[in-house]
1. When you scan the range 68-171 for strands (runs of 3 or more DSSP E) that lie fully inside it, which ones turn up with 2 or more residues that are over 15 Å from the mean Cα position of the chain (by Cα) and either closer than 16 Å to VAL5 by Cα or in contact (Cβ under 8 Å) with a residue 60 or more places away in the chain (or both)?
2. Report, ordered by the first and then the second residue, all pairs with beta carbons closer than 6 Å, sequence separation of six or more or different chains, a first member in the range 6-24 that is within 21 Å of PRO64 (Cβ to Cβ), and a second member that is modelled with pLDDT under 95 and open to solvent by 20 Å² or more (accessible area, probe 1.4 Å).
3. Any chance you could count how many residues in the range 82-120 are open to solvent by less than 50 Å² (accessible area, probe 1.4 Å) and on the phi > 0 side of the Ramachandran plot?
4. Just a yes or no: is a residue in the range 225-240 farther than 17 Å from ILE127 by Cα, open to solvent by less than 40 Å² (accessible area, probe 1.4 Å) and part of a loop (DSSP other than H, G, I, E, B)?
5. Looking at ARG250, ARG255, can you tell me which residue is over 19 Å from the mean Cα position of the chain (by Cα), open to solvent by 80 Å² or more (accessible area, probe 1.4 Å) and closer than 24 Å to THR162 by Cβ?
6. Before we move on, is PRO204 at pLDDT 95 or above, open to solvent by 30 Å² or more (accessible area, probe 1.4 Å), part of a loop (DSSP other than H, G, I, E, B) and in contact with a Phe, Trp or Tyr (Cβ under 8 Å, 6 or more places away or on another chain)?
7. Counting only residues that are touching a residue at least 12 places away in the same chain (Cβ under 8 Å) and open to solvent by 70 Å² or more (accessible area, probe 1.4 Å), which one in the range 279-301 is nearest to ILE222 (Cα to Cα)?
Amino acid sequence: MPLRVAFFGTPGFAVPTLEHLVHSQHQVVAVVTQPDRPRGRGQQVSDGPVKSLAVSLGIPVFQPARLAQDQFGSDFASIGADIGVVAAYGKILPDWLLALPRLGLINVHASLLPKYRGASPVHRAVIAGDAETGVTIMRVVKALDAGAMLAATSVPIGLDDTTTIVEQVLAIRGAELLIDTLDRIEAGTATETPQDESLVTYAPKLTKAEGAMDWSMPASAIHNLIRGLWPWPHAFGYIDHIRYILHRSRLSAARSAGAPGTIIAASPIDGVHVVCGDGRAIELVDVQLEGKRVMNARELLASRALAVGSRFTSP
């Protein structure tokens, strides 16, 4: 018998899961998402990606400012959900809510648990230079991302993949895995495996301060930080007190004994290369002067913004 599903999600990562649910044998009876907030350059209040999709499909939407057992509690209880599905909702769910659906709640978590519990698992995997990550479908419990695992699948991380690229792949793979898991729960064939607490690592929320580049690090670590902090909060460095936001890079074959952060090559053909702490270099592919648009190497050189011998410094 198809399950009545309450879906909890907010950003774009959660959209494929909701789309797959809508086209599955199961019934989405309600969507719970974060309140509308200012978005974009104009900071106009607008719907989030999940709400936009839910509204277009005519699915009832709840946007509680807080998950209190008051009006929202009674409204949620009235929908009669068999199970809750969570995908990047963005809030800790209280005990009363976890106990309400008869089959509890399960979560689409963007890591291979027990590695990278927390708010930023994809960013942390890319920053760490991991060769693979994945998605785990897990039981939602009171402790952070600590519930038993129902399914998992791995995904490779390419050498130049950004967080956005990896998240897009994980969102699709997670949606597919979620439907398979729900089908097995409905059929009574799902199994749950406890996480190994000795292998737990955490992925704390990102801060803007983490983008401050330490050019004494190895080239691979600097490249990983740039791609891991894209599209937010971005890595950055300074030349002559001007802030440069580093959008995209790649590892370079160039080497130098120069001071870390020094531009050792700069041409429209070969690009802009910066030496790092291990003597290896990275190529800066896309860079943005603060308050300006993103520019590639050719545009940067034409603007005379960067030149051989200039040196990036940390704040």
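The values are calculated or read from the model by the stated rules, or taken from the named source; none is laboratory data. None of these values were measured; they are calculated from a predicted model. So basically every Cβ, Gly included, is an ideal-geometry build from the backbone, and we count neighbours across all protein chains shown. SASA here: full protein model, heavy atoms, side chains in, ligands and nucleic acids out. Shrake-Rupley method; radii C 1.70, N 1.55, O 1.52, S 1.80 Å.
1. Numbers: elements: 83-87, 105-109, 132-139, 149-156.
Those strands (runs of 3 or more DSSP E) span 83-87, 105-109, 132-139.
2. THR10/GLY90
3. Final tally of qualifying residues: 4.
4. No: zero hits.
5. On the way: ARG255 fails: closer than 24 Å to THR162 by Cβ.
Only one candidate qualifies: ARG250.
6. Working: at pLDDT 95 or above: yes; open to solvent by 30 Å² or more (accessible area, probe 1.4 Å): yes; part of a loop (DSSP other than H, G, I, E, B): yes; in contact with a Phe, Trp or Tyr (Cβ under 8 Å, 6 or more places away or on another chain): no.
In short, no.
7. Here is the first cut: in the range 279-301, the ones touching a residue at least 12 places away in the same chain (Cβ under 8 Å) are 279-290, 294, 297-298, 300-301.
From what is left, the residues that are open to solvent by 70 Å² or more (accessible area, probe 1.4 Å) are 280, 290, 298.
Working: ARG280: 11, GLU290: 20, ARG298: 22 Å.
So the residue we want is ARG280.
Results for (1) in contact with a strand residue (DSSP E or B) (Cβ under 8 Å, 6 or more places away or on another chain); (2) within 16 Å of GLY309 (Cβ to Cβ), shown as yes or no for each residue.
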position: PRO231; (1), (2): no, no
position: HIS241; (1), (2): no, no
position: SER249; (1), (2): yes, no
position: THR262; (1), (2): yes, yes
position: ALA281; (1), (2): yes, yes
